[in-house]
Amino acid sequence: MPAPVDPHLQQLRLKAEERLHQLAGSNPDDQQGIEILHELRVYQAELELQNQQLRETQQQLQQTLERFNALYHRSPIGYVTIDNRGQIQELNDSFATMLGYPAGNLRHKYLASYCSSDSADVLRQRLPAFCKSPQGKILDLSLINNAGDILLVEVQGQKLPGEECLACNVIDRTERKLAEAAGKDSQAQLRAVTSAARNAILMMNSHGLVTFCNPACKQVLGYAPQELLGQPLHELLAPEHYLPDYHPAIKEFQVSGKGNAIGKTTDLKARHKSGELLDVELSLSAVAIKGEWHAVGIIRDITQTKRTEQELKLSKDRLKNWYHLMKYIIHHDPNGIAVFDRNLHFLFVSDRFVREYRVNRKDLIGKHHYEVFPDIPEKWRAIHQRALSGEILAGDDDEFVREDGQKDYTRWSCCPWYEIDGTIGGIVLYSEVITERKQMEQALTRRTAELEQRTEELERFNYTVSHDLKSPLVTVKTFLGFLEQDMRAGDTEKIDQDIDHIRTATDRMSMLLEDLLSLSRLGWVADQPEKVSLNGLLEHTLMLVQGQIQESGAQIRLVDTDLFLHADPSRLLEVWQNLIDNALTYGITDNNPYIDIGLESGPEPVFYIRDYGPGIPKEFHQKVFGLFEKLDRNSKGSGLGLALVKRIVAKHGGNIWVESSGDGQGCCFKFTLPAAYIPQ
C-alpha cells in the first residue's frame, strides 16, 4: 500500500514543478534539466523519509504519554499539584486512594483540611517559604484519611515552569515512621504523631509485651498508656476463648513475623478495662526493629456500630413482626377493616370486610377502591378526601345499597394513618354491616308498637267487653222483672214483648261471646293448613250467608278462578265470610245492590270484596280494623269482625286495606295472603 502523501511534500512538489517549467522556458540544455529533476527527486525522497520518522516519533511520543499517565496514576507515590495557598489543583489516583476519597472530591480543596490539627498549622506556617524555594525541603505531615486513620507522609515539591504551582510527591511513611518511633528510647515523638488519632494504636514485641500505645487507648480500651506499657497484651485485652489460638500464633510470629492476622483488618472482641467485651476492628502490621519482630495494631471501637446494626436488625425484625401481627389482627378483627394508601389503593383488608362486601382478597390488594366499587356514592368519595386531609369521621346507621339492589346498614369510621415523618400515608376504614341488628331493632320497634297497640286494645277490650256483656245482662235482668209483673197481671202482649227483649239481649251476648272465642282462637289453636280451591271456598262462604243475601236482595258477582291456596280452610272462611257479611250489612242499596268478589292478578294476587253502598270516610280507614270499632253504634255487629280478619291476614304474611272515598261511591276491601299463595 503506498504511503499517504504528506501535504507539505505535495506543496514542495508543486513548487518544484513550477521551477521546472521556468527552467524549461529559459531553454536549459537537456543535461541541466535532468540533473535538476534528479536533485528534486532525491530531495523529495529525503523529505518523505523525514516525514515517516516524524510520524514514528509522534506515535512513540503518544505511547510514552500513555505510559507516563499510567505510571503517574498507578505510582505508589501520591502526586499532587497545589497553588501557593495550598489548594489542590491536580492529583493522581494514588493520592486519592491514599486519602480514601474520589479524585473529583479532592480537586480544588485545601490540603490543610486533610491534615491533623498540628500538621495543618505546620503547613500554613511553612507553605509560603516552601512554595518560594521547595528544592531540598521536605514537609512531614500527618494526614487523616476518610476512615479516620492517621497517615504519616513526606511531601517534596518542585516548582512548575511558568506557573505559580508546586508539583509535590506525597510518600506514605506511616509504617516506617511508626517503626522508627518505636525503636527510639523516647516515646514522645510517636505520641505527638499519634495524639490526633481517634483509634487506639499499640505495638507489641515478639514476647507479647506492649512497647508503645497512644493516648486514645484510654478512650477506646479504658487503660492509660502507663497501665499498658510492658504488660502482656493478650492477657489484658484478649477474651479467654482467643488464647488457645494465640499461643501457637505468637511462636510463628517470633520466627517469621507472619500470622493469620498480619496484614489484615479483622472484626473481633476485645476486653475493656471494666471487663466489658467490646466489638473492635483490628488492623495489624509487622515491623522488624533491631532484628526483632514487632506487631503494630490499630484498634477502632465499633461497639456502637455493632450495637446500632443489631438494634437496626432487631428493629427490622420487630417491625416485621409488628407488620405480620397487624396483618393478623386486621385479618381476624371482628369488624370490617380496609387500609388504603394515599391514592386509595388497598393495602390490607380483614376477613370480615371480604366476607361482608362479598369480594376476594386477591382481587383487592393493590387495586383502587373505586375500581373495585365503581358505584360508590359521592358522599363516600367526599368522606375519603376529608380523611386524607386529617379528619376523623364516623357514622352509626348508614344505608348502603348493593349492586344487586339489596339494602344493608353499616356502622363505620374513617380516619387517616401517618408515616414516620408525620405525613398522612393513607386512611383506615372500619365498617360493620349491622343489617341483621338493624332488622332486629326494626322488628323490636314494630313489636313494641304492636305490643303498645295490643295493650291499648286490651284496655279498650276489657272496658268494651265488660260494658257490652253487662248491657245485655242488665236488659235481661230488667225485662225478667217486667216479665214477672206482666205474668202476674196476665198481660199476654207485654209478656211476648218482654220475652223478645230478653231473647234479643241473649242473642247479642251469644254473638259477642262467639266473636271473642274466634278472636282468641287465633292465639292458641294451631292451624291445619291444606290445599284449598278458591272457587270452592267462595261457594261454601256464599252458602253460609245465603239467608242474608236473599233478605237484603243483594246480587253477587263472582270472578271464576282456578287459584289454589295453602292454609287452614276455616281461617280463610272467616276472612271472606266476615267481609261479605260486612258488605251485605252496610253496602246494599236499592239503586245498586251489587257485591263484587274477585282478585287482581299479578306477581302476588290481591283479593277484593267491593260494594256500592255509602262507603267509609278516609279518617276511618284504619280505625275500622280496631277491636269493637263500629261506625254505626246501633248496628247489630260486635265490632270484632274486621279486627279478626286483619289478624288472620297478618298471620298469613299479608296486608288488608280499605279503598273508599266515603261519599256514596261504595267501599272495597283489598287484602293479600303471601304465605298461603300457591304460584300457578
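The values are calculated or read from the model by the stated rules, or taken from the named source; none is laboratory data. In this text, all values refer to a predicted model and were calculated from it rather than measured experimentally. Neighbour counts run over all protein chains shown; Cβ positions are idealised from the backbone, glycine included.
Tabulated values for the structure
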item: Residues that are surrounded by fewer than 23 Cβ atoms within 10 Å (Cβ to Cβ) and either assigned to a helix (DSSP H, G or I) or among the acidic types (Asp, Glu) (or both), drawn from segment 561-571; result: Asp562, Asp568, Pro569, Ser570
item: Residue match in segment 267-285 (condition: hydrophobic (A, V, I, L, M, F, W, C), surrounded by 14 or more Cβ atoms within 10 Å (Cβ to Cβ), closer than 22 Å to Asn146 by Cα and more than 50 Å from the chain's Cα centre (by Cα)); result: yes
item: Scan of segment 572-591 for residues that are out of contact with any helix residue (DSSP H, G or I) (no Cβ under 9 Å at 6 or more places or on another chain), surrounded by fewer than 20 Cβ atoms within 10 Å (Cβ to Cβ) and under 18 Å from Tyr608 (Cα atoms), ordered by number; result: Tyr586
item: From Gln125, Gln135, Gln58, residue being modelled with pLDDT of 90 or more, exposed (fewer than 14 other Cβ atoms within 10 Å of the Cβ) and out of contact with any strand residue (DSSP E or B) (no Cβ under 7 Å at 6 or more places or on another chain); result: Gln125
item: Qualifying residues in segment 146-172 (those that are loosely packed, with under 15 Cβ neighbours inside 10 Å and within 60 Å of the chain's Cα centre (by Cα)) - the one farthest from Asn205 (Cα to Cα); result: Asn146
item: Test: residue in segment 222-234 that is under 17 Å from Thr174 (Cβ atoms), out of contact with any helix residue (DSSP H, G or I) (no Cβ under 7 Å at 6 or more places or on another chain) and in a helix (DSSP H, G or I); result: no
item: Selection status of Gly336, surrounded by fewer than 14 Cβ atoms within 10 Å (Cβ to Cβ) and in contact with a strand residue (DSSP E or B) (Cβ under 7 Å, 6 or more places away or on another chain); result: no
item: So Glu419, is it under 14 Å from the mean Cα position of the chain (by Cα) and without any contact (Cβ under 8 Å) to a residue 12 or more places away in the chain; result: yes
item: Residues within segment 371-420 that are among the charged types (D, E, K, R), over 19 Å from Asp341 (Cβ atoms) and not in a helix (DSSP H, G or I), tallied; result: 11
item: Residue satisfying condition, being in contact with a helix residue (DSSP H, G or I) (Cβ under 8 Å, 6 or more places away or on another chain), part of a helix (DSSP H, G or I) and not hydroxyl-bearing (Ser, Thr, Tyr), within set Phe68, Phe95; result: Phe95
item: Hits in segment 661-680 (condition: surrounded by 21 or more Cβ atoms within 10 Å (Cβ to Cβ) and on the phi > 0 side of the Ramachandran plot); result: Gly666
item: Pick from segment 228-254, criterion hydrophobic (A, V, I, L, M, F, W, C) and more than 59 Å from the chain's Cα centre (by Cα), ranking: nearest to Leu202 (Cα to Cα); result: Leu229
item: Scan of segment 275-315 for residues that are within 18 Å of Met203 (Cβ to Cβ) and not hydrophobic (A, V, I, L, M, F, W, C), ordered by number; result: Glu281, Ser283, Ser285, Lys290, Gly291, Glu292, His294, Gly297, Arg300
item: Filter pass, Thr97 being β-branched (Val, Ile, Thr) and touching an Asp or Glu at 6+ places or on another chain (Cβ under 9 Å); result: no
item: Per-region count, segment 606-627, residues of a type in the set (Asp, Glu) and in a helix (DSSP H, G or I); result: 1
item: Number of positions in segment 98-121 that are out of contact with any Cys (no Cβ under 9 Å at 6 or more places or on another chain), surrounded by fewer than 16 Cβ atoms within 10 Å (Cβ to Cβ) and assigned to a helix (DSSP H, G or I); result: 5
item: Which numbered condition Asn343 misses (of (1) surrounded by fewer than 12 Cβ atoms within 10 Å (Cβ to Cβ); (2) more than 30 Å from Glu419 (Cβ to Cβ); (3) within 48 Å of the chain's Cα centre (by Cα)); result: (2)
item: Strands (runs of 3 or more DSSP E) completely within segment 271-357 that count 3 or more residues being not hydrophobic (A, V, I, L, M, F, W, C); result: 277-289, 292-301
item: Unique residue being farther than 30 Å from Ala96 by Cα, loosely packed, with under 11 Cβ neighbours inside 10 Å and either among the small types (Gly, Ala, Ser) or at pLDDT 75 or above (or both) when the list is Ala3, Ala16; result: Ala3
item: Filtered residue count, segment 631-660, keeping only those that are modelled with pLDDT under 85 and surrounded by fewer than 16 Cβ atoms within 10 Å (Cβ to Cβ); result: 6
item: Unmet requirement for Pro244, which otherwise passes all of (1) assigned by TED's automatic domain parsing to the domain that holds Ala216; (2) surrounded by 12 or more Cβ atoms within 10 Å (Cβ to Cβ); (3) assigned to a helix (DSSP H, G or I); result: (2)
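Condition check ((1) modelled with pLDDT of 85 or more; (2) of a type in the set (Gly, Ala, Ser)) across all residues:
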site: Ala200; (1), (2): yes, yes
site: Met203; (1), (2): yes, no
site: Gly208; (1), (2): yes, yes
site: Lys218; (1), (2): yes, no
site: Glu227; (1), (2): yes, no
site: Glu240; (1), (2): no, no
site: Ala261; (1), (2): no, yes
